[in-house]
Structures are given as structure tokens and as C-alpha cells.
1. Do you know which of the residues in segment 65-104 that are within 10 Å of ligand 2 (Cβ to nearest atom) and of a type in the set (S, T, N, Q) is surrounded by the most Cβ atoms within 10 Å (Cβ to Cβ)?
2. Taking segment 116-152 as the region of interest, how many residues are among the small types (Gly, Ala, Ser), in contact (Cβ under 8 Å) with a residue 12 or more places away in the chain and surrounded by fewer than 19 Cβ atoms within 10 Å (Cβ to Cβ)?
3. Surrounded by 13 or more Cβ atoms within 10 Å (Cβ to Cβ), of a type in the set (S, T, N, Q) and at negative phi, is that true of Ser166?
4. Go through segment 201-247 and report how many residues are part of a helix (DSSP H, G or I) and either open to solvent by less than 50 Å² (accessible area, probe 1.4 Å) or touching an Asp or Glu at 6+ places or on another chain (Cβ under 6 Å) (or both).
5. Consider only pairs whose beta carbons are under 7 Å apart and that are at least six residues apart or on different chains; among these, list those whose first residue lies in segment 25-42 and is more than 21 Å from Pro93 (Cα to Cα) and whose second residue is in a helix (DSSP H, G or I).
6. Is it true that some residue in segment 34-57 is at pLDDT 95 or above, in contact with a Cys (Cβ under 9 Å, 6 or more places away or on another chain) and not acidic (Asp, Glu)?
Amino acid sequence: MAAPSPCSTTPRRDSYQRRRPDETLLYQLIDEHWPTFLERAEQSAGLPDFIVEEFEAYLRCGMLEHGLAQFACRQCGESLAVAFSCKKRGFCPSCTGRRMADVAAHLVDEVFPEVPVRQWVCSLPWRLRYAMGYDRKLCADVLDAFIVSLRRSLRRRAKAQLGLRSVDDPLFGAVTFIQRGDSSLRLNVHFHCLVIDGVYVRDERGALRFHELGAPTHEELTDVARWTHERLGLVLERHGRSLDELAGDAATDLLGQEQPVLASCYGASTADRQLLGDAPGQ
Ligand SMILES: [Zn+2]
Ligand SMILES: [Zn+2]
């Protein structure tokens, strides 16, 4: 008996194509160097479990030999193998890419109102990036310093432009993504904030109305930077640190004491120095 022909004789151009992570440069690099790197790290103090798990899950992600789901058409018997993915949030390009697309669709469909949105980016001194790379609470407080300064700016502008009684009347909205790396994969903790480009104010009947504020002037931008800097000083003080201390005193470097291997990777990465390779320390 002849095999039944597929339901669809013309293959669709948008049909599923299995991705081949092992053909990418990133996969090949990690696959080749990860075991040696891990071995050398373990000769010192080792790496935190979450990092080992992230790399090993990535090396299994999308590889059929590490698990797959088989989909088959009951009519014609055509079948398709889909490899399991790691679903990690660190650096797997496939899983983070998928997450990015899902979150973007969610924000557009469900979260943002139909008003103009401006992207604000806050980049920070490199010594602070190093400290924020490991200290989640510090990172959250630094972000708060930026957002509060941004809100202050929008509220002030709204009060002046709309003739409001109080700076507390206008309502403000923002969504932030904390990025840990830059385009050359160095540790560079910085913030991308999607901020509605205006404020909501209640009208006389209590209904919320949007007022667009538009681009900030150079002076208004400088104010946001200055206020963030002032607040940063307070945040660091609360955390028992200071920008001067972050510039070099190893005695207060908690990460260096708890996770020396990770600390040297972070340190080299933020300072743009090679840790391994042909010219370590350069
Ligand atoms: Zn079929
Ligand atoms: Zn993955």
C-alpha cells in the first residue's frame, strides 16, 4: 500500500523549522570552553549553582538528544520533533528572545494605554554596575532613585504646563527592564524604562484624562540626572557604601569574599579587561 500523501502538498513558507543551536557561534564557543572554565573555577572557589545550571541548561536547550516532544498528524501521519527548551532567563538567545516577544505583546495588548511612550535609559558608573550585578536590593534601590527623579520631573512639568494646584495631582506610569549586559556581553547593569510621555489628571467629574508633555528640554534632562545622583548618595549610604569606596576598597567587597571567582569575572567584565585568553589582565 502506498504511503498516504501529506495533507498539505505545498510546504508553507512559514512552517516550523527546527532551530539548530549547535550551529551558532555562541553555542560552539560555550560547548568548547565551558568544561575547562568550570574546572578552573572549581580549583579556586567554584561558581554559584545558578550560574552552572544556566550554562548547562543552555547546552541542552533545543538539542533533540536531551528530550523532545513528537507531534503527528492523525490523518496523514506526518510528524515533527520539537526539542525541549531551557526556559532560562540569563542569556539563551532562543528562550530570552521568545520571552521578549511575549512580554512585548503583553505590554502592547494589555498594559500600555494608547498614549505616547518615551524610552528613558539610565546608565551608571562602572563600579556601581559591579556592585549591582550581585546585590539585588541595591539594584532595586538605585532604580527607585532614578524613577522617583523622573516622576518628579514629569510632575513638575505637568504642574507648570497645566496650572495644577499640587505636584501630587498628576499620575505617572512606567515599566522598566533591567539589562545586565551591553552589546559586547560585558556586565553593564543599566535601566531601560518605558515611560508614558505625559501624565493622567482627574477632571472635575473624577475621570482620568491624559495630558501629553512631550520631549524634555536639555535643562529638564540635566535635572533628572542631578536628582538621581543626589538620591544615589543616600541609597549608597543606606547600604553602608559610597561611590568613593566603590572605586577600590576590596575590604568592603562582599561579593569578592563570598564568590571570589564570580567577583573576578564581574570585575574584569565591567572594567573591560581580559580574564583568560591570550592576554589576561589586559
Ligand atoms: Zn496531515
Ligand atoms: Zn533556552
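1. Across segment 65-104, the extreme among qualifying residues is Ser85.
2. Going through segment 116-152 one residue at a time, the tally reaches 1.
3. Answer is no for this residue.
4. 11
5. Hits for this filter: Leu38/Val52; Ala41/Val261.
6. Yes, segment 34-57 contains at least one residue that is at pLDDT 95 or above, in contact with a Cys (Cβ under 9 Å, 6 or more places away or on another chain) and not acidic (Asp, Glu).
The values are calculated or read from the model by the stated rules, or taken from the named source; none is laboratory data. Quick caveat, the model's predicted, so the values are computed rather than measured. Here Cβ is always computed from backbone atoms with ideal geometry, including for glycine, and neighbour counts include all displayed protein chains. Just the protein is used for accessible areas: all its heavy atoms, side chains included, with ligands, DNA and RNA removed. Shrake-Rupley method; radii C 1.70, N 1.55, O 1.52, S 1.80 Å.
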